[in-house]
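Since every read-out is calculated from the coordinates, none of them should be taken as a lab result. A quick note: this is a predicted structure, and the numbers were derived from the prediction, not measured. Methodologically, a virtual Cβ is constructed for each residue, glycine included, from the backbone with ideal geometry; neighbour enumeration extends over all protein chains shown.
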Amino acid sequence: MNPMTLLLPRRSGVCLLLMAGLAGLFAHSASAAVASAKRLPYIDQNQQCRGQPLPATVEHLTGEAWKLDVKGKQTPLQEGMSIDEQEGVKTSPSAFVSLSLGDGARVVLPSSSHITLHLNEEHSIPQVILEQGQVESYVIKRASDHDRFQIVTPVGVLGVRGTHFRVRNDDTGQSLLEVLNGQVAVNRDEQTSGPRPARPVAKRPKGVEADEVQVMARQGLRIQKQGVLTPTDLLPAPRLLGQAGQRGNVPVWQLIMKPIEGATRYRAQVATDAAFLDIKQEQFSSTPEVKFSGLKAFFYHVRLSAFDAQGLEGETGVYDIFYHPRTPRVQ
């Protein structure tokens, strides 16, 4: 008997006053003295009041993860914890962490991932140094001559002005990028190997550099140290055909997808929020069937995707499902 039901497919002046008044407020209370250590809002080149991107805040945490200070010392991560310049986050297997930045950007780390945060002080641009694993980013679009967000990998720098994308490092020393919305500029920078200080950002020239390529929405790119950078189209999102389940003390929830031509494996993620910032579990499968266990009855958001022969993850299909596991009745 299927244990799930209800399957639904889902496709200016104030800033100046604030900064002027903060100094006076901080001088009159001990608690405000702590807040004074945080960077003040600033006026950008378009005369807009902007919040400083760092420190970032741990918004959601599932599983075990750690904060790394500037010397690499590990501290158990907790929701609400701040991650500042030159500090990092490391996740264990089966862990998920989402960070919120002060400028509105969001960063999600899945299991076995490690990032370090930097800040370009001149333009208040946050840099995420991807040391290991994968990162998924949501960056608010703004009109600007400069990147508003960057991810640094061992083989290139990804410049972003506003988009939703994923990037990860593989075992061969290459990086893989998938852009779901907006566009990302990939600059193959030889200085990304070894220790990587905050990279200064200059105004982007009108012409495209020899080692730079624009990756558009629904495109992916395998970033190699040498050779031509050629974006390719992502696989379409898998379609959910049905679901099944097994009874027992640990019920199993099975999702069945329609096979996609050219897919080598599939991924399914389960989250409690529609933005997938609070991910609870994910499963991979070489067939269009994935199984979950240990989930409680809840109204979940399920995200499905498929990988191509290059290892690029395709577009995502999202479904809202009320999961109600059937457990044996005690006689």
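Between residue 264 and residue 122, the FRET efficiency estimated from the beta carbon spacing at R0 = 56 angstrom works out to 0.85.
Scanning residues 5 or more positions from residue 102 or on other chains, those with amide H under 5 Å from its amide H are 54, with H placed 1.01 Å from N in the peptide plane.
Projecting label points 7 angstrom from Cα along Cα→Cβ for residue 252 and residue 299 puts them 2.9 nm apart. Database remark: amide H of residue 237 closer than 5 angstrom to the amide H of 315 (H placed geometrically; neighbours at sequence offset of 5 or more, or on other chains; Pro and chain starts carry no H).
Given their separation in residues at 0.36 nm each and the Cα-Cα distance between them, residue 286 and residue 172 gain 39.0 nm when the chain is fully extended. In a DSSP loop and with at most 15 other Cβ atoms within 10 Å, the trypsin sites (Lys or Arg not before Pro) in the stretch 60-105 are 71, 73.
If R0 is 56 Å, what FRET efficiency do you get for residue 70 and residue 272 from their C-beta distance, rounded to 0.05?
Numbers: r = 33 Å, r/R0 = 0.59.
Between residue 70 and residue 272 the formula returns 0.95.
Take peptides 285-292, 223-230 and line them up by average Cβ neighbours within 10 Å, highest first, as a rough protection proxy. Please list the in-between numbers first.
Numbers: 285-292: 16.5, 223-230: 12.8.
In decreasing order of mean packing, 285-292, 223-230 become 285-292, 223-230.
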